[in-house]
Every structure is written in C-alpha cells, then in structure tokens.
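Structure first, then comments.
The values are calculated or read from the model by the stated rules, or taken from the named source; none is laboratory data. Every value quoted in this text rests on a predicted model; they were computed, and no experiment measured them. A quick note on method: Cβ atoms are made from the backbone with ideal geometry, for glycine too, and the neighbour counts reach across all protein chains shown.
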Amino acid sequence: MVGYCLTIVRVGGKASTPLEQTPPKRKKAGNSAAGIPAIISTAKHGISKMGILHSITSFSRVNKFDGFDCPGCAWPDPDDNRTIAEFCENGAKAIADEGTKKKADPNFWSKWTISELSEKSDQWLNSQGRITDPMILREGSEKYERILWPDAFSIIAGELSQLENSDKAIFYTSGRTSNEAAFLWQLLARSYGTNNLPDCSNMCHESSGVALSETIGIGKGTVKLEDFEKADLIIVVGQNPGTNHPRMLTALRDAKKSGASIISINPLKEKGMIRFKHPQNPLELFGYGTAIADDHVRVRINGDMALFRGFAKEIFSSKCEDSNFIHRYTTGYDDYRKIVENTGWEEISEISGIEISEIRRIGRIIGSAESVITCWAMGLTQHQNSVATIQEISNLHLLCGHIGNPGSGLCPVRGHSNVQGDRTVGINHKPSEEFLKSLETKFQISLNRSGGYDAVESVRMMSEAKNCVFLSMGGNFLSAMSDTKATADSLNSCSLTVQISTKPNRSHLITGKTALILPCLGRSEIDRSGTKNQFVTVENSMGVVHMSKGRARPASNNILSEPSIVSGIAESLEEIIGDSGIRWKWLSEDYNRIRDCIEETIPGFEDYNSRCLQDGGFYLPNPPRDSLEFNTESGKAKFVPNNLSSTIARDGLFIMMTIRSHDQYNTTIYGTEDRYRGISGGRRVVFMSKSDMDANGWKDLQVVNLTSHFKDKTIFSEGWYIFEYDIPPGNIATYFPESNILIPLESVAEYSNTPTSKSVVVSIST
C-alpha cells in the first residue's frame, strides 16, 4: 500500500481592495466646512452605531479633563476652558465605531472564509463591529476560530523562541497605542533582542523628525495652541485640516478673529481652507461662517520646496531677514544665502507652477509679518525630497527669526492621537545610546545596539528572510503601507502574524502560515487591569502629555488591555527563553508602575504620576520653543542648504498623490461619501484637470487603468473612474488605501525612507 500525505493549502485573501462595478456619482459640494451637515453626520453615526444614550454619554466625555482622549487625530485640546462638544465630526465617527453595538464574534468568523472576506470592501469589514474573542487562523485553514488567551500567548512565545535570530521578529506599532502600552511594547522587543520597532511614523512624519532634528535639534514642532491666536501670519501647506484635523479649523478661525492672515498652499483648494462654520456657534452655523484662507496658492505636486525657496529669495531681495536672530542663534547662513541667490526665478516658477510675481508677493507678506506659524502634514512628508523641503521651511523661519517667539514656530501636524507619544516613550527603530543605557540601568538587562528595521525595511526583510514573526500593536499595516502586493507577499511568507485589534480590517486577511487576532480595549472603555480601574496617558501634536480614562463598558468580557496583552506575551516567552527579571505582570496590574519606569528612563517625565492628573496634563520640554536652545552639534539652529529638486512627469505621464476622503480616517473607511469634493458612492476615482481630460479625449467618469513607473519597475491597477476636478495640469489625486498598490516599495524619501505616496509617476490607459 502506498501512503499519501495530504497537505492543505490555504487559498488566502486578496490584498487589494475590490473593484467597483458602478461609477461614483457627482453631487454638489458644499462651500464651507463643518456646519449643519457635520452635526447631522455626527448624530447619524452616533445613534446608528451606539444608540442615543451611549452617544450622549460618550460624546460628553471625549477630550474632557476627566474623560478619554479622542482615538482620532492628535490635534491638541485647549489648556484651560473646553467646550461642551470638544470633538469634531470625524472624531465622532471614530468614537461611534469604537462604541458600536455590533460584534464580530466567533460566529461571524465561522461564517466566512478569509478569501470570501477579502472580496468585501474596507467599509464593509469595518462595519462588522468589535472583535470579542481572541481568534486563530491555523496553518492550512480558511477560517478563524476561537482560541483561549493562554494558548494564544503560548503560540506567540513558541514561534518567537524558535527564530534563528531575534531580528526575524517585527514589532509594529500604531499611533493609537497609549504611552504605557508603547513603553512595554518596546521593552518587550528590546529585552527579546531586537530594535525592529517600525511604526506608523515611518509612513507619515518620519521626514519631519529627520529634518527638524538636524536643523533645530528636536524632531517635533515648536508651537503651542495658544500661539495661533498670537500669530500675525499662519501658513498651511500640504494639509487638509477640514477632513484630517477638523478641530484645527477652530484654531484657524480664532486666529482670524484675532487679526491673523492665513495662506493655504496645496494642489487642491480644500473646503476647510475656504470657509468654516463652527457647529457650536449659532451665528456662524446659520450664517456665512468664517472665511479662513486669505490666499490660496495652487502649487504643483512636489513644488513646495521651490516655492519656499522663492519666498526666501524675495525676503533676501527685500532685506527682511532678522540679522540679530541669525547672528545669535544660527549657523550656516552664508551657505544658505548663496544657494538661494544662485537659484533662478524661472526654475522656481517652473517647478512650483506659480508665477514669479505671485511668489514674490507672498514672499513680501511673509517677510513683513511679525510672527509666523507654518503648519504641514503628509502633503510635504511623502516625497523623495521631503526632508529637504521641510528644511527649506525651517530655513525660512530661521531667516526671519520665527522660532521661540509668541505666535511663531514650526508646526508639523501629527495624525494619530498618540503617534508622537509612542515615539517619545521609545517606539523607535534607531534608539539613542542614552535611552538604551537608561533601560539597561533600570531593568538590569543587556540590549542590542544594532539599528532595527523601519516599515519599508521590515517588508523587504520579511520577504527575503522568510518564516519571520510579525506582531502589530493596533493599526492596519497592510493597508497603511506602500506597494500592497509586496507587503502582502512579505506577510504571507511569515510563520506567524499577530494583530492586536478592535475591529476587522484587511490585515486580518493577509496572513502568515498561522495568524492570531487579539482583541483589545478601546480608548473609551473601562480598563480594569489588576484590582482597580486604570487610566492611560497620551501626547498630543504639541507635546502635551495628559490622562485618558474610559468609562464605557467593554465590548466583551473576553478582551484585554494592551498592557495586559504585552505582559501575557512576555511572560509566556520568558517561560521558554529565560527570565529577564522584568516584572511584566506586576507592571501591567498598575499603570502607575509603568509611568514610574518611564519617569526613570526618559527625561521630561519628572513627577509623571502627579502631573498627568492635572487638568490638561503637562508640557514636555521643548528647548527651541521654551528657551531658544538647540540640541545640535554647534548648540545653534542650523541653516541647511539643499539643491532644489522635484518630481516632474514628462512625455504624457502624470504625478499622482494619494489623499483621504472625508468619510475616512487613515485606513478606516466610514462610508463612500466625500461631500467636500462632491463624490458619492465610490472611491476608485482619479481627480484630474479638465485641460488634461480634453488633451487626451477623456470624459468625466470614464473608466481607465493606472500604471506606476519607478526606474525599471511598473505596477498596473485597473478600474478607476476619472473625476473632473480643479487640480494643476499634469497632476492627479487618488484615495488611499486603494491606490497604495501603485506606490513602489523602492520609492522612498531620502534620509527618512518614507514611502513617496504623494509623488508617484503614472501613466493612464483606457
């Protein structure tokens, strides 16, 4: 008799989002942001997901001194008085999603194969509700099944212990992770032996951190919220506050009422920068609202560096520089002035797409302003020359002395609610020697000094090394990363993938040989770890660390807090590889103990447990802002001259940038409506100028295919609908994560290694 061994091969899920069989519809776009439509949308999402009572109680606690921090963006709350509704429409959607009554319980997972689930839209996946139990997808299986927590921890520990070296493990972190959980997460990774701690910063503001660390000695912004009402001029560049940071519109509105001028610089003229109707002000709500931007500069995609070079050139010409500030606080001025003066106006105008006269006019406005704030987001950070572009902005501020003064400074607007805090407490693939030494002293352990992998490097390593272990503390890595196919192939090659999550997403469908989903508490929920209710802390975009305490009943009795999950993994692992001496369970049973550890290892957290209880929390030290001190080699801020560059498409090609819809936050899709841009019922759209459509004989809502081009690599994506829009000729825009498949993994920013999601060269075919 001949014996046969039957091997079950998993079909697997599709990494790309499904095609849309019907085109989107064009709807009339509003002429302002927020207002009555925002109120209606907020109520609709709250009531439909949570019910009336839960909506009222949840919304009344968000961003309050004794409440919980919004799980959405990192825009700061006022230090003193806060309104009845200290949240925005998109924050309300995030809260409603977290507090939803719907459950993705074991019965849900038993209904569907991962292949079937991958045919569903991202919106559908997100709408299935909260995950209630730990789930496992066993090797060869097509369906997740329930698993006990101890068994899940044992599987993770077993896989980690069997790796041939610790650098085959990846510990990814989402920006929603609390300070306490993030600190334990990085401690787990480093005590295990690796600095492989990629995080969502690698995909967004890594360029800001790299650029500012060199120029001003800190990888953060230098303003407080109060500075907005003291500013003479505010520049908002490469950012769409109306959708991505809606509460920022209140700060801009208040700045306007205090006499500030505002300049918007963006390829798209976004509604939030045109007019804002504050939902809590009846006169604005039913009236005209507040006009926000005094000028809109429709720069070409990746033309920002040239534009700011032009501003500096005009300031030199007008002799508006602050000589006293330059002499006292900076180095490198002469080299910077030389490179600016050697840059021709024609080159500046061609790259930026803005007429010379207009650049010079705006330059004179900047030069004459007494105090200037410049804000930016991913419209600047995701290009090949992003670091150089941000340094061009920093150079301009140094030139005019707009750092460390009231109403002045640099303001990178961070995305996720604690992405900056995670980095502060140790989520960094390139940790400093000082930080490693402090951990070694505190915990009496020996740590690896070799640099870890960032997000792009992690994808490449997992593909090459095979049989790695990928662990994700929140987030949706597959959908957040560039080159969706390459990312999927890398995850598929792992022996184990672990997702610590609240709701289903596409990363649960693209897995290693074995996959685990570990459900965790949401920000709004009661965290009873150990013998008492706990609270966590977060850091906002302006360096304020404050308390967040949920009060809602957890979605399930079988979900754990993030610190408890980290503790469970660590204890199971150390049963196999040996005891590190770190009291993991003891730490996770009382978050005060974790905060004590942070205080003892990271400067700026003195008296942490007391200060975080203060209304509004406390500011971390920021030497450039606080005392005009700069942690650079010279002890002064540094002008950094960079050769002018940009990504320009020629010969019938286009430059594509990825953007969010209004019904979306990061990779979470709430719906298919983008009322600010007049789109309904679809997301696979290509925003294109009428002149480009006419030149190619294309019609509105015509189906086309996109192909990206990078060196000798091409990536094809079918089934996109052209949507006529006011955007510079030669430029197009698409929603992510749908278009992430077109961003080559190899196309990254210089120095920061951030994916170039905002400057993808594409061709279009029918």
Checklist line | Qualifying residue in the range 596-617 (condition: touching a Cys at 6+ places or on another chain (Cβ under 7 Å) and of a type outside the set (Gly, Ala, Ser)) | finding: no
Margin query: Here's a check for you: in the range 342-380, which residue that is out of contact with any helix residue (DSSP H, G or I) (no Cβ under 7 Å at 6 or more places or on another chain) and among the aliphatic types (A, V, I, L, M) is farthest from SER408 (Cα to Cα)?
Written below: MET378
Next item on the list: Return yes or no: is LEU447 surrounded by fewer than 24 Cβ atoms within 10 Å (Cβ to Cβ), in contact with a Gly (Cβ under 9 Å, 6 or more places away or on another chain) and modelled with pLDDT of 95 or more?
Entry: yes
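Suppose the filter is surrounded by fewer than 22 Cβ atoms within 10 Å (Cβ to Cβ), touching a Pro at 6+ places or on another chain (Cβ under 9 Å), under 17 Å from GLY379 (Cα atoms) and assigned by TED's automatic domain parsing to the domain that holds ASN696; does PRO728 pass it?
yes
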Next item on the list: Look at ALA231 and say whether it is surrounded by 24 or more Cβ atoms within 10 Å (Cβ to Cβ) and at negative phi.
Entry: yes
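For the range 462-497, what are the residues that are out of contact with any helix residue (DSSP H, G or I) (no Cβ under 8 Å at 6 or more places or on another chain) and over 29 Å from GLU98 (Cα atoms)? Walk me through it before giving the result.
Step one: of the range 462-497, the residues out of contact with any helix residue (DSSP H, G or I) (no Cβ under 8 Å at 6 or more places or on another chain) are 464, 466, 492.
GLU464, LYS466, listed by residue number.
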Checklist line | Unmet criterion (only one of (1) assigned to a loop (DSSP other than H, G, I, E, B); (2) closer than 30 Å to GLU159 by Cα) for CYS597 | finding: (1)
Next item on the list: Give just the number: which of (1) free of Cβ contacts under 8 Å to residues at least 40 places away in the same chain; (2) under 20 Å from GLN239 (Cβ atoms); (3) surrounded by fewer than 18 Cβ atoms within 10 Å (Cβ to Cβ) does HIS397 not satisfy?
Entry: (3)
Item checked: The listed residue being more than 23 Å from the chain's Cα centre (by Cα) and either of a type in the set (Gly, Ala, Ser) or within 26 Å of THR424 (Cα to Cα) (or both), out of ASP527, ASP489 -> ASP527
Notebook entry, point to check: Any idea which of ILE373, ILE427, ILE390 is more than 20 Å from the chain's Cα centre (by Cα) and either crowded, with 20+ Cβ neighbours inside 10 Å or part of a loop (DSSP other than H, G, I, E, B) (or both)?
Noted result: ILE373
Margin query: So for the range 126-134 (the condition being assigned to a loop (DSSP other than H, G, I, E, B), surrounded by fewer than 19 Cβ atoms within 10 Å (Cβ to Cβ) and not hydrophobic (A, V, I, L, M, F, W, C)), does at least one residue qualify?
Written below: no
Item checked: Which listed residue, of LEU197, LEU188, LEU184, is touching a helix residue (DSSP H, G or I) at 6+ places or on another chain (Cβ under 8 Å), aliphatic (A, V, I, L, M) and assigned to a loop (DSSP other than H, G, I, E, B) -> LEU197
Next item on the list: Any residue in the range 592-604 that's in contact (Cβ under 8 Å) with a residue 12 or more places away in the chain and among the small types (Gly, Ala, Ser): show its pairings with residues that are surrounded by 22 or more Cβ atoms within 10 Å (Cβ to Cβ) and assigned to a helix (DSSP H, G or I) at Cβ separation under 9 Å, as long as the two are six or more apart or on different chains.
Entry: GLY604/THR424
Note to self: Show the residue pairs meeting these rules: Cβ distance below 9 Å; 6+ apart or different chains; first residue within the range 202-229 and under 26 Å from THR250 (Cβ atoms); second residue of a type in the set (Phe, Trp, Tyr) and modelled with pLDDT under 95.
What the structure shows: LEU225/TRP75
Next item on the list: Scan the range 277-322 for residues that are out of contact with any His (no Cβ under 9 Å at 6 or more places or on another chain), farther than 27 Å from SER757 by Cα and of a type outside the set (Gly, Ala, Ser) and report the count.
Entry: 18
Notebook entry, point to check: What is the one condition in (1) in contact with a Lys or Arg (Cβ under 8 Å, 6 or more places away or on another chain); (2) closer than 27 Å to GLU457 by Cβ that GLY678 does not satisfy?
Noted result: (2)
Next item on the list: Identify, by number, the condition in (1) in contact (Cβ under 8 Å) with a residue 40 or more places away in the chain; (2) under 18 Å from ALA488 (Cα atoms) that ARG130 doesn't meet.
Entry: (2)
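Of the residues in the range 444-459, how many are more than 19 Å from the chain's Cα centre (by Cα) and within 29 Å of GLY475 (Cα to Cα)?
Going through the range 444-459 one residue at a time, the tally reaches 6.
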Note to self: For a quick check of your reading of the model, give me the residue pairs whose first member lies in the range 670-681 and is within 18 Å of LYS44 (Cα to Cα), whose second is among the basic types (Lys, Arg) and in a strand (DSSP E or B), with beta-carbon atoms closer than 6 Å and at least 6 apart or on different chains.
What the structure shows: SER680/LYS25; GLY681/LYS25
Item checked: Matching entry among THR222, THR215, THR243 (being farther than 27 Å from SER661 by Cα, assigned by TED's automatic domain parsing to the domain that holds ASP294, within 21 Å of the chain's Cα centre (by Cα) and among the hydroxyl-bearing types (Ser, Thr, Tyr)) -> THR222
Item checked: Residue identified as in contact with a Gly (Cβ under 9 Å, 6 or more places away or on another chain) and at pLDDT below 95 among SER501, SER541, SER458 -> SER541
Checklist line | Near pairs, Cβ below 6 angstrom, 6+ apart or cross-chain, from the range 150-173 (over 15 Å from ILE577 (Cα atoms)) to any residue that is acidic (Asp, Glu) | finding: THR173/ASP199; THR173/ASP422
Notebook entry, point to check: Condition test on GLU284, is it buried (at least 20 other Cβ atoms within 10 Å of the Cβ) and either modelled with pLDDT under 95 or assigned to a helix (DSSP H, G or I) (or both)?
Noted result: no
Item checked: In the range 300-330, residue nearest to ILE403 (Cα to Cα) [restricted to those that are surrounded by fewer than 19 Cβ atoms within 10 Å (Cβ to Cβ) and hydrophobic (A, V, I, L, M, F, W, C)] -> CYS320
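Rundown of residues vs (1) small (Gly, Ala, Ser); (2) out of contact with any Asp or Glu (no Cβ under 6 Å at 6 or more places or on another chain); (3) outside the structural domain of GLY242 (by TED's automatic domain parsing), yes/no style:
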| position | (1), (2), (3) |
| --- | --- |
| MET305 | no, no, no |
| SER352 | yes, yes, no |
| GLU355 | no, yes, no |
| ARG360 | no, no, no |
Notebook entry, point to check: Identify, please: which residue in the range 511-527 is among the β-branched types (Val, Ile, Thr) and within 27 Å of ARG423 (Cα to Cα) and is, among those, surrounded by the most Cβ atoms within 10 Å (Cβ to Cβ)?
Noted result: THR511
Note to self: Name the residue that is nearest to TRP584 (Cα to Cα), counting only residues in the range 528-542 that are of a type outside the set (S, T, N, Q) and surrounded by 24 or more Cβ atoms within 10 Å (Cβ to Cβ).
What the structure shows: VAL536
